[in-house]
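To start, the structure under review is shown below, and the notes come after it.
The values are calculated or read from the model by the stated rules, or taken from the named source; none is laboratory data. Computed from a prediction, not measured in an experiment: that's the story for all the values here. Glycine gets a Cβ as well: all are built from the backbone with ideal geometry, and neighbour counts include every protein chain shown. Heavy atoms of the whole protein, side chains included, go into the accessibility calculation; ligands, DNA and RNA do not. Shrake-Rupley method; radii C 1.70, N 1.55, O 1.52, S 1.80 Å.
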Amino acid sequence: MPLLRESVTLPIERNILWTGPFATEPAEAAWAAEAIFFIRALKVEGKPGSTLAQVQISPDGMHWCDEGTTFPLPAVDDTVTFGRVSHFGGWLRLVGEMPPGAALTVIVYLVLKG
Amino acid sequence: MNEETHSPLRADPHLSRFEPLERILYYDDFDDGLHGWTQLIGNYEHSLDSVLPDYADLRQPQLSNLSMWDTGTAGSAMGTYALKLATRPKAGGLSVGIKRQTYRKLTRLQFECYLCFKPEATELRLSATDVRAFGVLFDIQGGYRDPRARWMPHLRYLNALDGQRAGKWQTKPETRTFHTIGSSGETVSHFHLGPEGWVDVPGGDQIVCYNEIATKMNWSYLKIGLDLEARQFTGFQCDEQIYGPEGMHVISLDPMPNLFNMLNVAFWVETDVDKRAFLYVDSCLLSAEAV
């Protein structure tokens with residue numbers, strides 16, 4: 001019997017409206033070796049344009065720095081974008097800023113595996 | 001007592017910390033995953049907007065190694081990882097983790113766990129009144145050919161309220177009004193974790209070990225007994241304090257069409273201030289007198 005890897009999907013935001021600056025709640029990921037953030041647009045209002053979601057890491061869940069991974073926000077209702085991350089330590093979150101006049105209602109999943 | 005079979009050297013140190021009834025229904029040590037503990041969401045139909053507002057954002061459980069900004073990783077009581085509930089940093093915010101099973105005999109049940117609660121360590125001070133409450137609830141209904149009432153025993157430790165130390169155990173005799181969800185007539189919802197209507201357990205005061213700063217964790221033992229036949233608490237124990245069952249109430253409801261034999265257990269934590277509240281569970285065990 002092979003030892004299967006642990007895998008967890010966390011819906012870290014669900015039916016949340018993003019306007020202006022946004023940041024997801026801190027997620028603990030110390031057990032995992034790889035992660036994918038998915039952003040699913042439930043509703044797109046205005047023009048998100050080239051807005052990017054940015055992955056951040058933290059030593060303590062309170063102080064954050066950019067990890068370097070960025071990916072676009074979904075621009076059409078019910079579409080999904082994603083960003084892959086690995087070698088991230090113990091904590092992960094997403095930050096970004098919607099442009100003026102744009103709003104996005106999202107589900108954000110963090111899929112962890114290790 | 002047979003000294004050879006009861007020698008501590010022959011015991012399983014993970015289970016030896018518990019006092020299970022005759023049959024173990026589940027034992028969950030979060031060192032190897034979530035074991036079915038998941039996020040609680042309100043019922044919906046057609047759109048997530050139909051979820052009752054209080055149910056919309058109950059934060060989900062995750063796996064934590066208890067890493068602190070000042071002292072690094074503590075790990076859990078018996079390993080590295082614990083189940084962690086974390087609220088948003090908004091007073092009254094809740095996080096709930098639920099495990100859903102069914103039962104097959106109306107018998108006595110016992111739920112045991114090792115847990116600790118803390119606020120997020122965003123301030124360099126005691127912060128002992130920042131977590132409002134944590135608790136354990138059950139959601140149970142009779143069998144298909146025995147349509148007994150649904151009942152929901154809730155037990156919470158009210159740590160603090162509006163900045164004042166409370167330090168007492170409470171139960172909840174009533175839920176809120178049922179609401180129809182959507183248009184099919186098939187779905188209803190009621191919110192049962194509101195701040196209203198909690199009743200003090202007689203003699204149920206206790207200061208559960210918090211320690212002296214927000215990053216020092218002590219694991220407390222909690223044991224809760226239920227009688228499925230009588231639909232009552234049979235009492236509970238936290239560390240060395242033993243309480244009840246006198247004066248312990250449960251929510252009683254009419255049986256519902258899709259919940260026969262349901263046996264759900266949930267943990268929750270609530271913050272009293274605009275700061276995240278955390279509940280960590282090292283491990284838990286549900287046992288029964290018979291199956």
Taking every residue of B:53-65, the Cβ atoms of other protein chains inside 10 Å of its Cβ average out to 4
Within the set B:Leu158, B:Leu253, B:Leu228, GNM on chain B using Cα springs under 10 Å gives the largest fluctuation to B:Leu253
Result for chain B: accessible area per residue, probe 1.4 angstrom, in square angstrom, of 44 Å²
Within the set B:Thr38, B:Thr180, B:Thr234, GNM on chain B using Cα springs under 10 Å gives the largest fluctuation to B:Thr180
Loop-resident chymotrypsin sites (Phe, Trp or Tyr not before Pro) in region B:126-227 with no more than 13 other Cβ atoms inside 10 Å, DSSP not H/G/I/E/B, are B:Tyr144, B:Phe178
A:His63 and A:Val95 label points (each 7 Å along its Cα→Cβ direction) are spaced in nm at 1.4 nm
In chain B the cysteines whose Cβ sits 4.7 Å or more from every other Cys Cβ are B:Cys116, B:Cys209, B:Cys238
So, with points 7 Å from each Cα along the Cβ direction, the B:Ser184-A:Thr70 label distance in nm works out to 4.3 nm
Comparing B:Ala214, B:Ala230, B:Ala91 in a Gaussian network model of chain B (Cα, 10 Å), the one with the largest mean-square fluctuation is B:Ala230
On protein heavy atoms with a 1.4 Å probe, the accessible surface that disappears when A meets B, both sides summed and given to 100 Å², is 1900 Å²
Interface residues of region B:66-92, defined as losing at least 10 Å² of accessible area versus the chain alone with a 1.4 Å probe, are B:Ser67, B:Trp69, B:Tyr81, B:Lys84, B:Arg88
Phi angles of region A:75-92, converted by Karplus (6.51 cos²θ - 1.76 cosθ + 1.60, θ = phi - 60°) into ³J(HN,Hα) in whole Hz with x for Gly and Pro, give 9, 10, 3, 6, 9, 10, 10, 8, x, 9, 9, 8, 6, 10, x, x, 9, 9
Expressed in nanometres to one decimal, the distance between label points 7 Å along Cα→Cβ at B:Thr80 and A:Arg84 is 2.3 nm
With every protein chain in place, the residues of region A:61-77 shedding 30 Å² or more of accessible area versus the chain by itself (probe 1.4 Å) are A:Met62
So, relative contact order of chain B in percent, Cα under 8 Å, 6 or more apart, is 32 percent
Sparse-neighbourhood loop hits (trypsin sites (Lys or Arg not before Pro), region A:1-77; DSSP loop; Cβ within 10 Å at most 14 others) -> A:Arg5
Per-residue average of other protein chain Cβ atoms inside 10 Å, peptide A:99-105 -> 0
For chain A, dividing by residue count, accessible area per residue (probe 1.4 Å) in Å² works out to 48 Å²
The relative contact order of chain A, taking Cα pairs under 8 Å that sit 6 or more residues apart, comes to a percentage of 48 percent
In region B:173-227, the GluC sites (Glu not before Pro) that sit in a DSSP loop and have at most 11 other Cβ atoms within 10 Å of their own Cβ are B:Glu196, B:Glu212
For the protein assembly as shown, the Debye formula with one identical point scatterer on each Cα and no solvent gives log10 I(q)/I(0) at q = 0.10, 0.15 Å⁻¹ as -0.72, -1.50
Within 10 Å of the Cβ of an average residue in B:170-179, the count of other chain Cβ atoms is 0
Computed about the Cα centre, the charge dipole of chain B from +1 Lys/Arg and -1 Asp/Glu charges at the Cβ has a magnitude in debye, to the nearest 20, of 320 debye
Between the residues B:Thr71, B:Val51, B:Ser184, the Cα farthest towards the positive end of the dipole of chain B, that dipole coming from +1 and -1 charges on the beta-carbon of Lys, Arg, Asp and Glu, is from B:Ser184
Net charge (Lys, Arg +1; Asp, Glu -1) of residues whose beta-carbon lies under 12 Å from that of B:Asp272, B:Asp272 excluded, is +1
To the nearest 20 debye, region A:1-73 has a Cα-centred charge dipole, built from +1 on Lys and Arg Cβ and -1 on Asp and Glu Cβ, of 400 debye
With +1 on the Cβ of every Lys and Arg and -1 on the Cβ of every Asp and Glu, the dipole magnitude of the protein assembly as shown about its Cα centre, in debye rounded to the nearest 20, is 520 debye
Violations at 22 Å Cα threshold for listed pairs B:Lys99/B:Lys172; B:Lys118/B:Lys275; A:Lys43/B:Lys99; B:Lys118/B:Lys168 -> A:Lys43/B:Lys99
